[in-house]
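Following: one structure in structure tokens, then a few remarks.
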Amino acid sequence: MTVPAQVAQDRKPNLVIFLADDVGYGEFGFQGNAEIPTPNIDSLAQQGIRFSQGYVSGPYCSPTRAGLLTGRYQTRFGHEFNGGGAAGGVGFGLPLTEKTMADRFKAIGYATVCIGKWHLGGPPDFLPIKRGFDEFYGTVANTAFFKPQAFVDSLKSAAVQPIADEAFYTTDAYAERAVDWIDRHRDRPFLLYLPFNAQHAPLQATPRYLERFGGIADEKRRTFAAMMSAMDDAVGRVLAKLRDLRLEENTLIWFFSDNGGPTPSTTSKNGPLRGFKATTLEGGVRVPFCVQWKGHLPAGKVYEAPIIQLDILPTSLAAAGVAVDPAWGLDGVNLLPFLTGQAAGRPHPALYWRFGDQWAVRKGDWKLVAARPDNLQTRLFNLAVDLGEANDLSAVHTDKVKELKADWDAWNVGQKEPLWRPAAAGAKAKQKQAGKKKARP
């Protein structure tokens, strides 16, 4: 049974967000990688818009997710690093004062689901079903792909439990559940948030996908390729279900990665960019990024201006006809007028990053950055001519250094101290959570 075309056209658009994990800027066919075919994911860029300068607000897993779901720089509420994920761990997670994307869409009548890796807190009050999602099927945080130990299927229980099934593989299971969930919620607008744990370590793949890449001699790279292929097939299954139900043209679909690739551990490639996951260099924060909304956004377009994952929430709300309340304090902007050509210029005058003692600001084509690979030395780059951040211009353009540092300092005043710090940073985690305070409007 399919949804009548007129019904699909009259209702608010569905929202699907695919989030890849630890995939570098140089991966995927739509980013120029011919080694690993990803036709389903590539189709989103081919029939939608590819962002050549798509960024995330944190070069790490949990901070990026916190920014995505709130539409706010995660440093505004102290979510600067990865927090505790296991159910028995301390209460680290997305502060309970923060409203999530699921909260916003549920309030306007959407069905909401999170299928995949959560990584925004393990205790019960921090899990998806308490953060605006009607249903959760996935892992609390980072996990093995086979038989994950900290798993929740909210249709069965809200408890965090291990998976005992020997045949269970996260990527395949997430696709199966997503297709089933769409089928069950075809008659109302929905939000499907599907954060894969692919391509995060440990690298694990099924024989079916490993067989596709027998020509890759390096075992680690072969496994990485197999995992990518499984994720592409999973995306393809979701897209096929949308087409089967005649919902694709009424569905706004986003695809991006949570940070740059950690090349040494997974073979992920960041292409022409310098740096990698956990750095504020381009290789840590510029990621593969595309959007499709057939009939509403141009097809096959490359959008060259910088955008960031914080924009997904306000853009998606605008697509649903919802105006953002300034009291929400969103940092993202509605991209729709820029993507359709109704608005000129760049969506953001500047973008900012803070990750411990690393930081960066991008204003126009200029980027001022202090990153660990450079021993935290402040360096200035013109990204229009130096994508690989190879030519430090700080000694030549001292006025520009002062301007951008002043901009970053002014922005940083509005950010909070981290609610916790990694043990490796030499500080005990602060077990602060703002759940007892009044929630944001």
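The values are calculated or read from the model by the stated rules, or taken from the named source; none is laboratory data. All figures in this text were calculated on a predicted structure; none of them were measured in a lab. Neighbour counts run over all protein chains shown; Cβ positions are idealised from the backbone, glycine included.
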Filtering the range 167-199 down to residues that are in a loop (DSSP other than H, G, I, E, B) and surrounded by fewer than 24 Cβ atoms within 10 Å (Cβ to Cβ) yields ALA167, PHE168, HIS185, ARG186, ASP187, ARG188, PRO189
Note on the range 39-72: residues surrounded by fewer than 24 Cβ atoms within 10 Å (Cβ to Cβ) and of a type in the set (S, T, N, Q) are ASN40, SER43, GLN46, GLN47, SER52, GLN53
Does at least one position in the range 133-143 carry a residue that is farther than 27 Å from ALA205 by Cα and not in a strand (DSSP E or B)? yes
- Task: Could you tell me whether the range 80-89 includes any residue that is on the phi > 0 side of the Ramachandran plot and either out of contact with any Lys or Arg (no Cβ under 8 Å at 6 or more places or on another chain) or part of a loop (DSSP other than H, G, I, E, B) (or both)?
- Result: no
For LYS241, the lone unmet condition from (1) within 19 Å of PHE28 (Cβ to Cβ); (2) surrounded by 19 or more Cβ atoms within 10 Å (Cβ to Cβ) is (1)
Pairs returned, first residue in the range 171-197 that is over 15 Å from ALA240 (Cβ atoms), second residue that is surrounded by fewer than 22 Cβ atoms within 10 Å (Cβ to Cβ) and of a type in the set (Lys, Arg), beta-carbon separation under 6 angstrom, 6 or more apart or interchain, are PRO189/ARG11; PRO189/LYS12
Wholly inside the range 209-326, helices (runs of 4 or more DSSP H) that include 3 or more residues that are closer than 15 Å to LEU15 by Cα are 219-244, 312-319
Note to self: Checking the structure you have, find out if any residue of the range 383-403 is hydrophobic (A, V, I, L, M, F, W, C) and buried (at least 19 other Cβ atoms within 10 Å of the Cβ).
What the structure shows: no
The residue that is surrounded by the fewest Cβ atoms within 10 Å (Cβ to Cβ), considering only those in the range 129-166 that are among the hydroxyl-bearing types (Ser, Thr, Tyr) and more than 15 Å from HIS119 (Cα to Cα), is SER157
MET231 passes all but one of the listed conditions (1) over 21 Å from ASP42 (Cα atoms); (2) in contact with a helix residue (DSSP H, G or I) (Cβ under 6 Å, 6 or more places away or on another chain); (3) among the aliphatic types (A, V, I, L, M); the exception is number (1)
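Per-residue answers, yes or no, for (1) farther than 18 Å from ASN250 by Cα; (2) assigned by TED's automatic domain parsing to the domain that holds ARG72:
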| residue | (1), (2) |
| --- | --- |
| LYS294 | no, yes |
| GLN309 | yes, yes |
| ALA320 | no, yes |
| ALA327 | yes, yes |
| PHE355 | yes, no |
| ALA360 | yes, no |
Considering the range 107-130, residues that are touching a residue at least 60 places away in the same chain (Cβ under 8 Å) and charged (D, E, K, R), and then whichever is farthest from LEU191 (Cα to Cα), we arrive at ASP125
Restricting attention to the range 373-424, the residues that are hydrophobic (A, V, I, L, M, F, W, C), outside any helix (DSSP H, G or I) and at pLDDT 95 or above number exactly 11
Selection from the range 96-118 of residues out of contact with any strand residue (DSSP E or B) (no Cβ under 8 Å at 6 or more places or on another chain) and assigned to a loop (DSSP other than H, G, I, E, B) yields LEU96, THR97, GLU98, LYS99, THR100, ALA107, ILE108, GLY109
Expected single match for closer than 28 Å to ASP365 by Cα, surrounded by 24 or more Cβ atoms within 10 Å (Cβ to Cβ) and not charged (D, E, K, R) among GLY283, GLY271 is GLY283
